[in-house]
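Trainee: Sharing a structure here in structure tokens format.
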Amino acid sequence: MTLDIKTIEAILRQHWEMPGDLDLEKLHDNAFKIQVMVGQKYAHQNLKYQLGLIQTKEMQQNLDDQACDRIASELLRVANA
């Protein structure tokens, strides 16, 4: 199953703290990157690592390794359903 962008955005919002002034275009762009990674069948650990980079570099947040782990698990679970 291909994950749609809205589902990915919802999963990110559920696990990461989103600031009130969140740039929705930036969130959408990152969700698209994640969609491509999941579509390319990234392994859990690699996806988790990439999520950490997105969280710290793109979203300007502090790394939450456990949240990245949960997001990777949920994304892969939904994609493989």
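No value in this document is a laboratory result; all are computed from the given coordinates. What you are looking at is a predicted structure, and each value in this text was computed from that prediction instead of being measured. All Cβ positions, even for glycine, are placed from backbone atoms using ideal geometry, and neighbour counts span all protein chains on display.
Trainee: Give me the dipole magnitude in Debye, nearest 20, for the chain about the Cα centre, with unit charges on the beta carbon: positive for Lys and Arg, negative for Asp and Glu. Intermediate values should be presented prior to the final figure.
Mentor: Values: 9 positive and 12 negative charges, 73 e Å.
Here the chain has a charge dipole of around 340 debye.
Trainee: I've got another one for you. For n ≥ 4 DSSP H runs only, could you compute -39500 (n - 2.57) per run for the chain, divide by its residues and tell me the 222 nm figure to the nearest 500?
Mentor: Values: 4 runs with 52 residues, N = 81.
Calculated mean residue ellipticity at 222 nm is -20500 deg cm²/dmol.
Trainee: Now, a different point. Roughly speaking, what is the stretch gain from residue 23 to residue 5, that is 0.36 nm per residue apart minus the C-alpha to C-alpha distance, in nm to one decimal?
Mentor: Working: separation 18, 0.36 × 18 = 6.48 nm, distance 1.53 nm.
Difference between extended and current length: 5.0 nm.
Trainee: Could you tell me which of 53, 14, 37 has its Cα farthest along the dipole of the chain towards the positive end, charges placed at Cβ (Lys, Arg +1; Asp, Glu -1), taken about the Cα centre?
Mentor: Highest projection toward the positive end goes to 37.
Trainee: Another question, then. Seen from all sides and averaged, what is the projected area of the convex hull of the Cα atoms in the chain, in nm²?
Mentor: Details: hull surface 18.2 nm².
That works out to 4.5 nm².
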